[in-house]
Amino acid sequence: MVTTERVTARDRLLAAANELFYAEGVHAVGIDRVIERAGVAKASLYNTFGSKDALVGEYLRTRQDSNRARITAAVERAENPRARLLAVFDAQIAWFSQPAYRGCAFVAASAEAEPGGVVEEVSDEYRAWLRTTLTDLARDAGAADPAALASQLVMLYDGAAIGVRMDRDASVGRALRTTVEQLVDAALRS
C-alpha cells in the first residue's frame, strides 16, 4: 500500500518563510514572495497566520525548535557533565560548516525589528533557554559560579556566530572550541 503525506498550507508557508527569511531577511521578503514560493493562495496565509508578523513569529519558533533539538541531541550524546557543556558548542560548530549557514536567525531578525514585537518576544524566549541550558550544564559540571560561566559562554556563542557569518570563515569554530575549553576548565578548577 502506497501512502502519501499531504503537506498542509501551513507547512508550505513555514518552509517558504524559513528559506526566504533566513537567506534574505525578514523585511526584505514580502508576503507575496512567501505565498508564491509556498504555492498557496493569499487567503491561506491570512487564514493560517493572520499577518506577516505572526508568520515571522512562527518562522522564528521553528528555528528555535530546530536549534534546541540540535543542541539537546548533542548534549545527550555526551558522556560526562564537562562534555555536555562543551557539546553545546560542538553543535554550534557543526552548524557553522553547513552550506546554508547564514548566521543567527534571531540576530538577523532582531536587527530589523521594532522593539516590543514578536521578533523580540521569540528571540527573548530562545535566549532565556540558551542561558538557562548553559547555566544548568555549568552547575552540573561543578562550576563555582554557574551563572557567571554561562554569561561568558553566551558571549562566546554569540561572537562566534557573528564572526563566522561576517568573515565567512567556518574555521572560527576551532578557535571557539579551544577558548570554550579553556574557560570551562578554568571555571571548574576554581
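Taken together, the values in this text are just the output of simple stated rules run on the coordinates, not laboratory data. Only a predicted model underlies this, so the values are computations on that prediction, with no experimental measurement involved. Backbone-built Cβ (ideal geometry, glycine too); neighbour counts: all protein chains shown.
Looking only at the stretch 12-32, residues that are surrounded by 15 or more Cβ atoms within 10 Å (Cβ to Cβ) and part of a helix (DSSP H, G or I) come to 12 in all.
Cβ-Cβ distances below 7 Å connect the following pairs, each with a first residue in the stretch 33-56 that is in contact (Cβ under 8 Å) with a residue 24 or more places away in the chain and farther than 13 Å from Asn18 by Cα, a second residue that is in a loop (DSSP other than H, G, I, E, B) and small (Gly, Ala, Ser), and a separation of six or more residues or different chains: Asp53/Gly117.
Within the set Ala73, Ala83, the sole residue that is under 16 Å from the mean Cα position of the chain (by Cα) and within 22 Å of Thr133 (Cβ to Cβ) turns out to be Ala73.
In the set Arg82, Arg68, Arg77, only one residue is surrounded by 15 or more Cβ atoms within 10 Å (Cβ to Cβ) and either out of contact with any Phe, Trp or Tyr (no Cβ under 6 Å at 6 or more places or on another chain) or not charged (D, E, K, R) (or both); that residue is Arg82.
Among the candidates Leu188, Leu134, single out the residue that is of a type in the set (A, V, I, L, M, F, W, C) and free of Cβ contacts under 8 Å to residues at least 60 places away in the same chain. After ruling out the rest, the residue left standing is Leu134. Applying the condition of being polar (S, T, N, Q) and either crowded, with 18+ Cβ neighbours inside 10 Å or more than 17 Å from Asn18 (Cα to Cα) (or both) to the stretch 90-119 and asking which residue is farthest from the chain's Cα centre (by Cα) yields Ser97.
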